[in-house]
Amino acid sequence: MNPVVYFEIPVTVMERAITFYTSVFGFSFAQDIIDQNEMAFFPFEDGARGITGALAKGEIYIPTVQGILVYFGTNDIDSILQKAIEAGGEVLYPKTSNGELGYVAEFKDCEGNRIALHQK
């Protein structure tokens, strides 16, 4: 079994974060309130590879570039980085080869979180 099953990305303005991630990745979100925290869930498909998570807003959720790093898979890092910039993000680490593993990059989202990308 893979040890990681879920993640949460802290946000301060939920609608702004939803707009950002929809603009960058084309995601649609299901929203709910859990334990008095606002949640917007990333898409999830049973049987598909990978994990899912949520944008999370609440007293305990504080955006940062210094915390855990979540990697989103993509077939086109260049396009995603451009969309992130257009949506108000900032490139923190440009597209870089990891040899046989593919390419990685990092950007800061509209909330101030460091987010990574991986392309095979």
- Note on the structure: Requiring at least 2 residues that are over 16 Å from the mean Cα position of the chain (by Cα), the strands (runs of 3 or more DSSP E) wholly within segment 24-120 are 30-34, 37-41, 90-97
- Return the total of residues in segment 57-74 being under 22 Å from residue 118 (Cβ atoms), out of contact with any Phe, Trp or Tyr (no Cβ under 9 Å at 6 or more places or on another chain) and either among the polar types (S, T, N, Q) or surrounded by 18 or more Cβ atoms within 10 Å (Cβ to Cβ) (or both). 3
- Message: Here's a check for you: in segment 1-42, which residue that is in contact (Cβ under 8 Å) with a residue 40 or more places away in the chain and polar (S, T, N, Q) is surrounded by the most Cβ atoms within 10 Å (Cβ to Cβ)?
- Response: 23
- Residues of segment 71-117 being β-branched (Val, Ile, Thr) and closer than 15 Å to residue 25 by Cα, in sequence order, are 74, 77, 80, 85, 115
- Filter pass, residue 77 being within 14 Å of residue 113 (Cβ to Cβ), among the β-branched types (Val, Ile, Thr), in contact with a strand residue (DSSP E or B) (Cβ under 7 Å, 6 or more places away or on another chain) and at pLDDT 95 or above: no
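The values are calculated or read from the model by the stated rules, or taken from the named source; none is laboratory data. Only a predicted model underlies this, so the values are computations on that prediction, with no experimental measurement involved. Don't worry about glycine lacking a Cβ; one is built from the backbone with ideal geometry, like all the others, and counts go over all protein chains shown.
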